[in-house]
Amino acid sequence: MHTPAELAALHQSLFGADPALYRAPGRVNLIGEHTDYSGGFVMPAAIDFSTLIAISPRTDGRFVAHSVNFNERIDKPIDELLAARSRHWSDYPAGVLWALREKGIDVSTGFSLTIVGDVPLGAGLSSSASVEVCTAFAVLGTLDVAMPLAEIALMCQRAENGFVGANVGIMDQFVICCGEQDHAVMIDTRFLTYTLAPIPPDVRIVICNSMVKHSLADGGGYNTRRDEMEAGLHILQRHRPEIKALRDATLDDLSKWGAEMKPASLRRCRHVITEDDRVLAAVEAFKANNLAAFGELMHAAHLSFRDDFEASCTEIDILVDLANRQPGCYGARLTGGGFGGCTVNLVAANHARAFVESMRAGYRAATGIAAEIYTSRASAGAHAVSI
Ligand code: GLA
């Protein structure tokens, strides 16, 4: 990964202009999956991996972006860029310009961007939201427009929903804006309020990448799950109109009216309703420094993700089973949108090294796949970088 100084030098050589620099992290979700479009609770943390963008303004109305990772440049008039998505990495920065323009912010003068990142792609660690939030910070900074963090997060979610075509919730963009070093962020996605939960110093967040790639847009399963959940919600609303989102529903509601739903909808709704309760319990467990209780909730969350939400896969289940057998592992679960990607593991610091080795060996023996395993601290949210 380029250092900020190296990226600035590259930008200068590509565009002949001194850039401003911005960084936005990826995220890992400790608990609270698929609750963030039901007004529910989530508990993610920003991670060490990040996107770094060098930006300078243009005057010719073009968007010129060089991706270091793809070694590719796109160069288009802004109007053409924003006319339709192109199913290309540039959809993420373009989506942000589109959403900014929708908010009445003039982006027509154009920008030059040099982009580099080390958030693993398609791994459920929010590489896309990281690029979106970084672009938003970069463009707003260049235009000298101030915007509250929650509004930036919503605007980036809008980019993903309205331009990229993934019907995602608010969690990723929000934590990437509001993350704090060494803290998880407990977000109430209905009110967009949050509290910081310090990660105990004697624990490590270990992320195991199954190397099974997932996609949120275009048939990746995410939009279908969301539709199934919403079909169930509408049935509950017929009986109890005060249910505005699944956050307001209870297991009692499901036992009364779940039989009217398709079985898949019933399971999706059960996952979401029980997951909200688990997040609230997990917050209490964290506060009491009760990592064993936190780990059990992670485990229950995984079973619900696997059996009710049906968004796990064989490789991920193997990783979770392996982790549950390792000394010092409090809890393990699939993190993120699902259908592949990574597991998140809460591991006692003094066992972390042995955990990583044994997970690598065990996963390779079971699947033949070389997992990438990362030990990350919780990191800060998006920010400007000085060289
Ligand atoms: C993806 C989405 C989030 C959230 C998670 C599942 O990461 O971007 O909004 O729905 O999946 O919890």
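Taking the options Leu30, Leu21, Leu81, name whichever one is free of Cβ contacts under 8 Å to residues at least 24 places away in the same chain and open to solvent by less than 40 Å² (accessible area, probe 1.4 Å). Spell out the reasoning first.
Details: Leu30 fails: free of Cβ contacts under 8 Å to residues at least 24 places away in the same chain; Leu21 fails: free of Cβ contacts under 8 Å to residues at least 24 places away in the same chain.
It is Leu81.
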Per-region count, the range 233-250, residues charged (D, E, K, R) and open to solvent by less than 10 Å² (accessible area, probe 1.4 Å): 0
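Kindly indicate whether Ser38 is hydroxyl-bearing (Ser, Thr, Tyr), part of a loop (DSSP other than H, G, I, E, B) and at pLDDT 95 or above. Break it down into steps so the answer makes sense when it comes.
Working: hydroxyl-bearing (Ser, Thr, Tyr): yes; part of a loop (DSSP other than H, G, I, E, B): yes; at pLDDT 95 or above: yes.
Yes, satisfied.
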Residue within the range 200-223 that is at negative phi, free of Cβ contacts under 8 Å to residues at least 60 places away in the same chain and either away from the ligand (no atom under 15 Å from the Cβ) or among the acidic types (Asp, Glu) (or both) present: no
Test: residue in the range 157-169 that is within 16 Å of the ligand (Cβ to nearest atom), under 21 Å from Gly40 (Cβ atoms), crowded, with 21+ Cβ neighbours inside 10 Å and free of Cβ contacts under 8 Å to residues at least 24 places away in the same chain: yes
Failed condition for Phe49, given (1) among the aromatic types (Phe, Trp, Tyr); (2) surrounded by 24 or more Cβ atoms within 10 Å (Cβ to Cβ); (3) within 16 Å of the ligand (Cβ to nearest atom): (2)
Every residue from the range 170-185 that is in contact with a Phe, Trp or Tyr (Cβ under 7 Å, 6 or more places away or on another chain) and either surrounded by fewer than 23 Cβ atoms within 10 Å (Cβ to Cβ) or free of Cβ contacts under 8 Å to residues at least 12 places away in the same chain (or both): Cys178
Sole exception among (1) open to solvent by 10 Å² or more (accessible area, probe 1.4 Å); (2) in contact (Cβ under 8 Å) with a residue 60 or more places away in the chain for Thr193, by number: (2)
Given (1) in contact with a Ser or Thr (Cβ under 6 Å, 6 or more places away or on another chain); (2) more than 18 Å from Met171 (Cα to Cα), number of the condition Arg353 does not satisfy: (1)
Residue list for the range 86-132, filter: among the charged types (D, E, K, R) and within 14 Å of the ligand (Cβ to nearest atom): Glu132
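The values are calculated or read from the model by the stated rules, or taken from the named source; none is laboratory data. Here the structure is a predicted model, which is why all the values come from computation and not from measurement. Cβ coordinates were reconstructed from backbone atoms using ideal geometry, including for glycine residues, and neighbour counts include every protein chain displayed. These area figures cover heavy atoms from the full protein model, side chains too; ligands, DNA and RNA do not enter into them. Shrake-Rupley method; radii C 1.70, N 1.55, O 1.52, S 1.80 Å.
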